[in-house]
Amino acid sequence: MPGSVLILGGRSDIGLATAHVFAAAGHNIQLAARHAQTLSAEQTDLAVRYGVNVDLVEFDALDTAHHEAFAKALPVLPDIVICAVGVLGNQAADEKNLSSAIQVMRSNYEGPAAILSVFADLFEARGSGTIVGISSVAGDRGRATNYIYGSAKAGFTAFLSGLRNRLARKGVHVLTVLPGFVATRMTEQLDLPKALTAEPKEVALAIERAVKGKRNTIYVRPVWALIMLIIRSIPEAIFKRLRL
Amino acid sequence: MILSGWGNFPRLDACLLRPRNLGDLRLALSRGPLIARGNGRAYGDSAINPAQTIDMRSFNRMCAFDSTSGQLIAEAGVLLADIISVFLPRGWFPAVTPGTKFVTLGGMIAADVHGKNHHCDGSIRNFVDWIEILDGNGNTRKCSREEDPSLFEFTIGGMGLTGVILRAAIRLRPVESGYIAQDLRPAATLSDAIRLFDENPTASYSVAWIDCLARGQKMGRSLVMFGEHATRADLPAERRDKPFSIPARRAKSFPFDAPSFVLNPWSLALFNEAYYRNGRRRAGRSLLDWDAYFYPLDSIHDWNRLYGRKGFAQFQCVLPLASSDLGMRVLLDTISKSGQDSFLAVLKRFGAEGGGLSFPMEGYSLALDFPIHRNTIDLLKRLDSIVLDFGGRFYLAKDARMSADVFSRSEQRRAAFLDTRTKEGWRSHFTSAQSERLGI
Ligand SMILES: Cc1cc2nc3c(=O)[nH]c(=O)nc-3n(C[C@H](O)[C@H](O)[C@H](O)COP(=O)(O)OP(=O)(O)OC[C@H]3O[C@@H](n4cnc5c(N)ncnc54)[C@H](O)[C@@H]3O)c2cc1C
Ligand SMILES: NC(=O)c1ccc[n+]([C@@H]2O[C@H](COP(=O)([O-])OP(=O)(O)OC[C@H]3O[C@@H](n4cnc5c(N)ncnc54)[C@H](OP(=O)(O)O)[C@@H]3O)[C@@H](O)[C@H]2O)c1
């Protein structure tokens, strides 16, 4: 019997697509989201399609005071936890509005890192589990057009790498997922280049493969590894003058 | 953005919206007339409204399945491909399927699709238990044969012109395997093909491919294909314990619009000749998997681009039984004399007529593809008048250019449809480029 999968940010397009892929392989699913009950159509859909058990659980990534209680109250301690929580924000507007900038920083770093810390401890104690964090290529280097979001993702990427290092000998696998552009609710207002834009299902399948293959870090689509290598290797003296 | 149907003709500048919930959908409705769009597999302009085209593919959840009756309740944007991948492993197959699995439930109901089993089972209408629809006032209405039967009748085959289908209950059929036992029979002439259909009225599936390029004596030569769902016992021993799994086919994509010389009279002639000869050699019984049997074109994604930038037009008509043999011969003769050749020509026997504005009627249906050239539209007009002469009608899901006049002469039910549309207020909320063109 494949283990149970918890999706944090269960309404996210990538998160839901990932739920479908794991449910199709027979995993029971827990969808954790704000206003979780509004996901009942998705719950039924997953159950009808794949005959798996699907639970909805109320979860707010920013309510860190209750994260431990949240994890303890879950119907079952999951074998795999996937964090798809994120907020893109609006760089230009957020530069002028500190409280919304802070919201972006907290939603992409503080909340996700906090809840995964809780699962790290539980998995470590149990001696098994997989932790998947969806970060972003935006965290690979800060750029004028999205450094608020990017810096929080950079923090999250670093957190995941540290967590992996800590848990490597404890039987717990940590996977960092770095998508480039993905066609989701988050980006539906943007005009994305088709050749570089993945569908949520592609990300989901890549996550499934990487979980099975115990990979450390993956880029989706893989071409983003090359793009980010180039972007990271531009000397700062030049980089700071570029419009990216 | 530029939007078109599967034939890439016509291309219209349209505003495409993709609502995620009922609230978004109601908002669009309050702004003005709209048309629902499924997966865009209708060939022409049925699923385009320049002001508001509503992509329904986010409404794609399955709601319930009853494993005793085979009834599936699902949202309109669910793809047939998903229905098959979920339910075939449990022993259920769509009761009616068009020649592609990349269609939505809503699109299948709105076009009242028919399959190779129309002569036995009728169109999908016969397997729809109820429909939930969003009406012009933004209210949801459930309709069935008992409840609001007029809405039910007109919605099936109504091409999106009665409201937005939100959910529906359809019945699947139980099958023992994912394979079809095919019997392939060459027919030297059109009349032979028709005789083969007539002699095999109980075959579950039947369809013929016609070599449109064969002239004179050979005119109408075809390959007639009969099929039955294979039972477990029909399968070779090594497949019997996994009757629903089939060998994986790798999808290929047609990556660019082909230059127009790719499909020319010579390449077509070669293709048709080879196809016919090869078919004659393979004549007889064979076992095909469901994907190869029902959806041969689906393994080449975007095959429509083979026809190049100008796109192509489908032409599908049905002639009443009595005039079919003669009428089809006149159609084929006109095509072969025009020098404009069809790549795919499919002949199908239909059973009894359904209701509403549904396309099928008892008789024979012919479907053709024409790449758009200078003279294509003229040829199609000539075919229109032949169909009218023989008392036939046209399939709206394939139509991209018929005139309002031809439509009204082919369709006695038009007046009743239009009356109901006006009376119910559908006409001021649900319109497509096609409905405007046809004046309905
Ligand atoms: C290769 C190929 C083979 C085909 N073979 C067959 C065949 O054998 N038999 C057959 O009958 N057809 C056949 N078709 C036609 C196809 O089945 C129909 O055009 C079908 O309607 C396409 O479904 P769709 O989801 O793509 O709808 P679209 O093409 O997007 O829309 C078609 C119509 O349905 C309406 N519609 C879509 N969704 C909704 C909704 N939610 N509510 C209300 N109205 C809606 C649209 O307004 C439009 O009028 C074939 C098409 C192709 C490309
Ligand atoms: N789309 C891209 O191009 C792209 C690229 C790289 C990385 N990513 C990352 O991929 C992940 C998934 O995003 P997506 O593209 O699928 O977009 P999405 O559909 O907008 O998903 C983001 C999800 O985060 C949830 N969320 C935000 N704040 C939360 C909080 N405080 N508590 C609980 N949930 C919260 C949202 O929940 P609500 O529904 O309740 O608002 C939403 O479901 C994100 O981490 C994103 O940063 C996306």
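The values are calculated or read from the model by the stated rules, or taken from the named source; none is laboratory data. Just so we're clear, the structure is a prediction, and the values are computed from it rather than from any experiment. In this analysis, Cβ positions are derived from the backbone assuming ideal geometry, glycine residues included, and neighbour counts consider all displayed protein chains.
Taken as a whole, the range B:371-391 holds at least one residue that is modelled with pLDDT of 95 or more and either part of a loop (DSSP other than H, G, I, E, B) or under 22 Å from B:Thr155 (Cβ atoms) (or both). Which numbered condition trips up B:Asp419, out of (1) outside any loop (DSSP other than H, G, I, E, B); (2) touching a residue at least 24 places away in the same chain (Cβ under 8 Å); (3) surrounded by fewer than 22 Cβ atoms within 10 Å (Cβ to Cβ); (4) not aliphatic (A, V, I, L, M)? With respect to (1) outside any loop (DSSP other than H, G, I, E, B); (2) touching a residue at least 24 places away in the same chain (Cβ under 8 Å); (3) surrounded by fewer than 22 Cβ atoms within 10 Å (Cβ to Cβ); (4) not aliphatic (A, V, I, L, M), B:Asp419 is out only on (2).
Tell me, please, whether a residue that is part of a loop (DSSP other than H, G, I, E, B), over 21 Å from the mean Cα position of the chain (by Cα) and within 18 Å of B:Tyr43 (Cα to Cα) can be found in the range B:343-352. Scanning the range B:343-352, I find no residue that is part of a loop (DSSP other than H, G, I, E, B), over 21 Å from the mean Cα position of the chain (by Cα) and within 18 Å of B:Tyr43 (Cα to Cα), so the answer is no. Within the range A:95-114, the set of residues being more than 10 Å from ligand 2 (Cβ to nearest atom) and either small (Gly, Ala, Ser) or outside any helix (DSSP H, G or I) (or both) comprises A:Lys96, A:Asn97, A:Ser99, A:Ser100, A:Ala101, A:Ala113, A:Ala114.
The number of residues in the range B:397-413 being within 16 Å of ligand 1 (Cβ to nearest atom) and either closer than 16 Å to B:Thr162 by Cβ or not in a helix (DSSP H, G or I) (or both) comes to 7.
The residue of the range B:89-135 that is farthest from the other protein chains (Cβ to nearest Cβ), among those that are more than 12 Å from ligand 1 (Cβ to nearest atom) and part of a helix (DSSP H, G or I), is B:His119. Considered as a group, the residues in the range B:43-66 that are under 17 Å from A:Arg49 (Cα atoms) and of a type in the set (A, V, I, L, M) include one that is farthest from the other protein chains (Cβ to nearest Cβ), and that residue is B:Ala64.
Can you name the residue in the range B:67-88 that is more than 10 Å from every other protein chain (Cβ to nearest Cβ) and of a type outside the set (S, T, N, Q) and, of all such residues, is surrounded by the most Cβ atoms within 10 Å (Cβ to Cβ)? This residue is B:Ala76. Counting only helices (runs of 4 or more DSSP H) that sit completely within the range A:142-244, those holding 3 or more residues that are in contact (Cβ under 8 Å) with a residue 60 or more places away in the chain correspond to A:200-212, A:223-233. Of B:Asn49, B:Asn21, B:Asn39, all but one fail to be within 16 Å of ligand 2 (Cβ to nearest atom) and not assigned by TED's automatic domain parsing to the domain that holds B:Val128; the exception is B:Asn21. When you scan the range B:153-170, do you find a residue that is assigned to a strand (DSSP E or B) and closer than 19 Å to B:Gly99 by Cα, even just one? Taking every residue of the range B:153-170 in turn, at least one turns out to be assigned to a strand (DSSP E or B) and closer than 19 Å to B:Gly99 by Cα. Taken over the range B:1-52, the residue count meeting the criterion of being surrounded by 21 or more Cβ atoms within 10 Å (Cβ to Cβ) and either under 17 Å from B:Thr162 (Cβ atoms) or of a type in the set (Phe, Trp, Tyr) (or both) is 14.
When A:Asp191 is evaluated against the numbered criteria (1) within 16 Å of ligand 2 (Cβ to nearest atom); (2) more than 14 Å from chain B (Cβ to nearest Cβ); (3) over 23 Å from A:Ala158 (Cα atoms), which criterion, by number, is the only one it fails? It fails just one condition, (2).
One residue alone among B:Ser365, B:Ser358 is crowded, with 22+ Cβ neighbours inside 10 Å and assigned to a loop (DSSP other than H, G, I, E, B), and that residue is B:Ser358.
Checking the structure you have, find out if any residue of the range A:135-154 is more than 8 Å from ligand 2 (Cβ to nearest atom), away from chain B (no Cβ under 14 Å) and of a type in the set (Asp, Glu). Scanning the range A:135-154, I find at least one residue that is more than 8 Å from ligand 2 (Cβ to nearest atom), away from chain B (no Cβ under 14 Å) and of a type in the set (Asp, Glu), so the answer is yes.
For the structure I just gave you, tell me whether A:Val57 is within 14 Å of another protein chain (Cβ to nearest Cβ) and either farther than 28 Å from A:Ala138 by Cα or of a type in the set (S, T, N, Q) (or both). No; evaluated as a whole, the condition is false for this residue. Of all the listed residues (A:Gly89, A:Gly15), the sole one being out of contact with any Cys (no Cβ under 8 Å at 6 or more places or on another chain), at positive phi and more than 14 Å from chain B (Cβ to nearest Cβ) is A:Gly89.
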